[in-house]
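Participant: Below you will find the structure I want to go over with you.
The values are calculated or read from the model by the stated rules, or taken from the named source; none is laboratory data. These numbers were taken from a predicted model, which means no experiment stands behind them. Cβ: placed from backbone, ideal geometry, glycine included. Neighbour counts: every protein chain shown. Accessible surface is based on the protein model in full, side chains and every heavy atom, while ligands, DNA and RNA are left aside. Shrake-Rupley method; radii C 1.70, N 1.55, O 1.52, S 1.80 Å.
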Amino acid sequence: MSSQIRHTTAELQAMDAAHYLHPFTDHKDLGARGARIIERAQGVYLWDSEGNQILDGMAGLWCVNIGYGRTELAEVAYKQMLELPYYNSFFQCANPPAVQLAKAIAEIAPAHMNHVFFTGSGSESNDTVLRMVRRYWDLKGKPGKKTIISRINGYHGSTVAGASLGGMSVMHEQGDLPIPGIVHIPQPYWYGEGGDMDPEEFGLWAARQLEAKIEELGEDKVAAFIAEPIQGAGGVIIPPSTYWPEIKRILAKYDILLVVDEVICGFGRTGEWFGSQYFDLKPDLMPIAKGMTSGYLPMGGVIVGDRVANTLIEHGGEFFHGYTYSGHPVAAAVGLENLRILREEKIVDYVKQEAAPYLQSKIASLAEHRLVGEVRGVGLLGAIELVKNKATRERFAEKGSTGTLCRDLCVRNGLVMRAVGDTLIMSPPLVIKPEEIDELVAKAWRCLDLAAEQLGV
Ligand SMILES: *Cc1c(COP(=O)(O)O)cnc(C)c1O
């Protein structure tokens, strides 16, 4: 309003190139191309500054679960800003929305998880995980249990701890990461790495890498295992059906904590409140963010199971950790309203009963396209693997170029999908309607056709 003036697209792009360093971006390339300016949004649609309408197949960045334009969230934020825009939760203080949100989250979380530590983002949540896991073992009198086992190609954020816990080699290379005390095992990515094994066999093999790593390091050194239920940023990698049951068997054998990163799967994406419920897992800690406020304001947290929470509480002594914005009243009020809408409108049920079965049956048909090697999905997550040769899974020459080509064609034709290498991924708002799913899939077909034409196949 008062502090914003209307600028033309060209003016905004010039200012952007001159002053704005974007996240995960080749700044030279962006400066030359000019950023796409997204101006407004409603439901599942975005509009850019040129007036193009785009179906948002990614829900922003896996977060706008209830869709754009929900005025209720704006109204509670406005009211809360007038009432109490900020106060910290240090020094034995709390504020009503943060307390109510902690209780509301405990109600939807698995029964043994009853506490929440608030943060400002998913990355901060995973920094908290690292600190809290080590604090727990210190209090248990086992300070030697420090190492966290994570997975190659997992994603846990971009702070130093988040990027270290994650298994993205390009991030590790640029940051001299991981920091000490974090080790990685192979991911359960059957299509990409399963070789001659069938999915079930490969799932067991991948899970047993955890057992092998625990044995190699010694149980007395291992603090926790961290994983996403379904890897999101890694390419919507859905473990074979044998994977999680075998991980559970292994975890039952050893005294280590399980951290399930619910930043994407949490708040309904799989058709259950949490991915842990979808896969029947019993985590000790669940980092959350993204769908927690449907992205309307930044907020994250760690849902803490009784085992860890009770140890922190009963032992006492200050845990020297927290953030200025932990339990921010305005973000918490928005989170609470987001949760009210999810519950009252039965959106998670809608995903499970209607949207997910419909989306999955529709995208399955994309597997018939000549560029597509595999289509997979769970809930409102989907992935399309692009290949040169379906039978051998051979990829096109330059890794990632086909994915980028398709992604750019999609956006130009009114659909946001993301490319991870040569895999197209989707994660639309949970409120997407059947006719909007039809539109999404029709546009995806068209983009694959255009890409095949350009590739001359
Ligand atoms: C996005 C993401 C994060 C990081 O969240 P930020 O809010 O970007 O810091 C962590 N874990 C997973 C699984 C994510 O998808």
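Participant: Taking all protein chains in place and a 1.4 Å probe, what share, in percent, of the accessible surface of the stretch 72-344 do carbon and sulfur account for? Mind showing how you got there, number by number?
Facilitator: Details: 6090 of 10950 Å².
Roughly 56 percent of what the probe reaches on the stretch 72-344 is carbon or sulfur.
Participant: May I ask you to work out the translational diffusion coefficient for the stretch 77-195 at 10 °C, viscosity 1.306 mPa s, via Stokes-Einstein with Rh from the Kirkwood sum over Cα pairs, reported in whole µm²/s? Don't skip to the answer; put the middle values down first.
Facilitator: Working: Rh = 17.1 Å.
Using the Kirkwood radius from Cα pairs, D works out to 93 µm²/s.
Participant: Please tell me the relative contact order of the stretch 72-344 in percent, rounded to the nearest whole number, where contacts are Cα pairs under 8 Å and at least six residues apart. Walk me through the intermediate numbers first.
Facilitator: Working: 520 pairs, mean separation 80.8, N = 273.
Computed over the stretch 72-344, the figure is 30 percent.
Participant: Sticking with this one: Run the numbers for Arg36 and Lys140: contour at 0.36 nm per residue of separation, minus the present Cα-Cα distance, in nm.
Facilitator: Full-extension gain reported as 32.3 nm.
Participant: Probe of 1.4 angstrom, ligands and nucleic acids ignored: what's the accessible area per residue over the stretch 72-344, in square angstrom?
Facilitator: Values: 10950 Å² over 273 residues.
Here the residues of the stretch 72-344 average 40 Å² of exposed surface.
Participant: Around Ser158, under 12 Å between beta carbons, what's the net of Lys plus Arg minus Asp minus Glu among the other residues?
Facilitator: Working: positive: none; negative: Glu124, Asp127.
That sum, taken over residues with Cβ under 12 Å, equals -2.
Participant: For the stretch 72-344, taking Cα atoms only, what is the radius of gyration to one decimal and the Dmax to the nearest whole Å?
Facilitator: Rg, Dmax (Cα atoms, Å): 18.5, 62.
Participant: Using just the Cα positions, wrap the chain in a convex hull and report its mean projected area in square nanometres, one decimal place. Let's see the in-between values first.
Facilitator: On the way: hull surface 89.1 nm².
Hull-based average projected area comes out at 22.3 nm².
Participant: What's the extension gain from Asp438 to Asp349 if we count 0.36 nm per residue and subtract their Cα-Cα distance?
Facilitator: Values: separation 89, 0.36 × 89 = 32.04 nm, distance 2.01 nm.
Gain in length upon complete extension: 30.0 nm.
Participant: Please give me the summed charge of the neighbours of Ser49: other residues whose Cβ is under 9 Å from its Cβ, Lys and Arg +1, Asp and Glu -1. Kindly include the intermediate steps, with their values, before the conclusion.
Facilitator: Working: positive: Arg36; negative: Glu39, Asp48, Glu50.
So the surrounding residues net to -2.
Participant: Using per-residue counts of other Cβ atoms within 10 Å, averaged over each peptide, order 281-292, 339-350 from highest down. The partial results should precede the final answer.
Facilitator: On the way: 281-292: 26.8, 339-350: 16.7.
Averaged packing, sorted descending, gives the order 281-292, 339-350.
Participant: Check cross-link reach from Lys290 to the lysines: straight Cα distance under 20 Å, and skip same-chain residues fewer than eight apart.
Facilitator: Lys103, Lys346, Lys352
Participant: When the label point is put 7 Å from the Cα of Ala111 along its Cα-to-beta-carbon vector, which residues of the stretch 255-279 have a backbone N closer than 15 Å?
Facilitator: So the set is 277.
Participant: When DSSP beta bridges are limited to those with both residues in the chain, what percentage is antiparallel, rounded to the nearest 5?
Facilitator: Working: 33 of 47 bridges.
Once the DSSP bridges in the chain are tallied, antiparallel ones form about 70 percent.
Participant: Something else about it: Within the chain, which complete DSSP H helices have Cα atoms spanning at least 24 Å along the helix axis and a mean Kyte-Doolittle hydropathy of -0.5 or higher? Before the final figure, lay out each step's value.
Facilitator: Details: long enough: 122-139 (25 Å, -0.81); 199-217 (28 Å, -0.43); 434-455 (31 Å, -0.08).
Long hydrophobic helices here: 199-217, 434-455.
Participant: Hey, another quick one. Calculate one ³J(HN,Hα) per residue across the stretch 23-31 by plugging θ = phi - 60° into the Karplus curve 6.51 cos²θ - 1.76 cosθ + 1.60, and present them in order as whole Hz with x for glycine and proline.
Facilitator: Taking θ as phi minus 60°, the curve returns x, 6, 9, 7, 5, 5, 5, 5, x Hz for the stretch 23-31.
Participant: A follow-up question, please. Given contacts defined as C-alpha pairs under 8 Å and at least six residues apart, what's the relative contact order of the stretch 151-208, whole-number percent? Present the calculation step by step, with values, prior to reporting the outcome.
Facilitator: Numbers: 68 pairs, mean separation 16.5, N = 58.
Relative contact order, the stretch 151-208: 28 percent.
Participant: Ok, one more. Between His7 and Leu217, what's the calculated FRET efficiency when r is the beta-carbon distance and R0 is 51 Å? Round to 0.05.
Facilitator: It comes to 0.40.
Participant: Next up: Cα to Cα, under 22 Å, and not fewer than 8 places away if on the same chain: which lysines meet these conditions relative to Lys140?
Facilitator: Filter leaves Lys221, Lys253, Lys282.
Participant: Rounded to a whole number, what is D in µm²/s for the stretch 307-433 from Stokes-Einstein with the Kirkwood radius over alpha-carbon pairs (20 °C, 1.002 mPa s)?
Facilitator: 118
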